[in-house]
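Data block below; observations after.
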Amino acid sequence: MQEKAGSGADVLKTLSQLEAAVSHAHNGARGYLRQCFKVADHDDTSKGGGWSQFLNETDKPPTATGTSHGVLALLACGEPPDSELITLATRYLAECQCEDGGWAKPSLRHKCALTRITGLILRALLDSGVHQPVAALENGIRWLLEAQNADGGWGNAAKDEKSDVTSTSFALQAMTRAVGLNQEGRDSIKKGQAWLREARNKDHSWGYARGTAGTVAHTSEAVDGLLACGQSPGSLGPTAEWLAQHIADEIQFNERYVFSQGPCVGTSVIWTQVSKERGLIALLALDSSILAQPVVHAVNDILNRQVNGTYWRGSVFHDAEPIWAVKEAVVALRGFRNRIEQDRASVILSEELVDLRKELADVQVKVDRLLDREARRSVRHVLRVLWSTMRKPSVIIGTVTVLLGICYIVLRRYVQLSGYADILAAIAGFLGFALTLYQVFGDRRGGKTK
């Protein structure tokens, strides 16, 4: 898979192999996620269930964050939205909502909600499609509207005046999925979109916030937010080029946020950014070719890192099984799988056209060589005919006579040397007489031959 396939048949075989590998990865991850599902309360199943942040934490209850990742991961793996597990998970997410309408980590639930978690959970609820808790959705959207900073972006906490790319993107992805937003909601989306645009660096990347160096993860999240707002992929072409150049350079990394105000002041939260998966998601969303080297390398890298065909590890959590790593991987692979199904015919056709253009170019080179050879032959033939003609006595005598005539005119009329001119005239007359005799005797000899 290091080289681009050389023909339509090769491309079809390559895509089929990758599609089968991605399908296998999805099936393995789906089975493992179903296996790791936990009921919140065995005595009261009405509270639903979900997943912990780390799938190998069998002794810990599910969390809202882990469950939202689990819902999005299962949907990406092909789980029906109306399945029992998705229904139980969405029920549990609604149960975990804070009183103010947002969602938070378990340790902060009764103190303050977080933008990223609220946006993530709203996406899980909205993407599930069925059995949506309407009241929870409305309250969550209301929380996001009230949490927006004055500059149009969102920070980790409500109105913290520290807008960042990830929080703003998560909020926009949730709000643009909501149906029936009023004018206030539409205006809020426009302000958030404007903030994201203005936060872009000169090299078309995004960092954590305005004025920070670009990363693949943050750039990908900014792309997700802008595309959710309706921006066309074509308008982000330079960003796609930047991602293609840097997707192989980054690994997972942590970022820490410390609350500087409110009831959680002094508390910190840590977010892990998954660069390779995030970069692949953005490249595919920006219509990069599914056979482009950065795309194929990223897909192979993700496939190779799946553990026993089940889950993915976080590079900063060596022995853990973080559910967010699973979610990012299967979502990225789902994007690739969808693009294969969408672009299969056009990609194969384009590869066959490339082959045809190469063949036509080869034929054109051969034709040019033949034409050049024929042109050289024609020139040689003309020269041979001219030479054989010039060697005939009649032609030689005639040519000399004409030259002598020209010299006669020049000497008599322009140089005023009449004596020399008369000599040349006499010589020309003699040659003319000789040419006449040659033609007469030549014609007779030719007649006898006939």
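Things worth noting here:
- Footprinting exposure proxy ranking of Ser46, Ser23, fewest other C-beta atoms within 10 angstrom first, gives Ser46, Ser23.
- Residue exposure proxy: Asp368, Asp224, ordered by other Cβ atoms within 10 angstrom of their Cβ from fewest to most, comes out as Asp368, Asp224.
- The packing ranking, built from the mean of other Cβ atoms within 10 Å per residue, places the peptides 153-160, 80-87, 177-184 in the order 153-160, 80-87, 177-184, highest first.
- In plain terms, the residue of Thr239, Thr212, Thr399, Thr118 with the fewest other Cβ atoms within 10 Å comes first and the most crowded comes last, giving Thr399, Thr212, Thr239, Thr118.
- Cα lying deepest toward the dipole's positive end in segment 241-348, options Ala282, Ile340, Trp242, charges on Cβ: Ile340
- Structure note, pairs Lys191/Lys276; Lys162/Lys190; Lys105/Lys159; Lys105/Lys162; Lys202/Lys327; Lys13/Lys327: Cα-Cα distances above 22 angstrom occur for Lys191/Lys276; Lys202/Lys327; Lys13/Lys327.
- The overall shape of segment 8-358 is oblate: from the C-alpha gyration tensor, with semi-axes ordered a ≥ b ≥ c, the ratio a/c is 1.5 or greater and a/b is no larger than b/c.
- Within straight-line reach of Lys111, meaning a Cα separation under 20 Å, sit the following aspartates and glutamates at least 8 residues removed in sequence or on another chain: Glu95, Glu99, Asp100, Glu146, Asp160, Glu161.
Values in this text are rule-based calculations from the coordinates and carry no lab data. Computed from a prediction, not measured in an experiment: that's the story for all the values here. Counting neighbours? That spans all protein chains shown, and the Cβs are built from the backbone with ideal geometry, glycine included.
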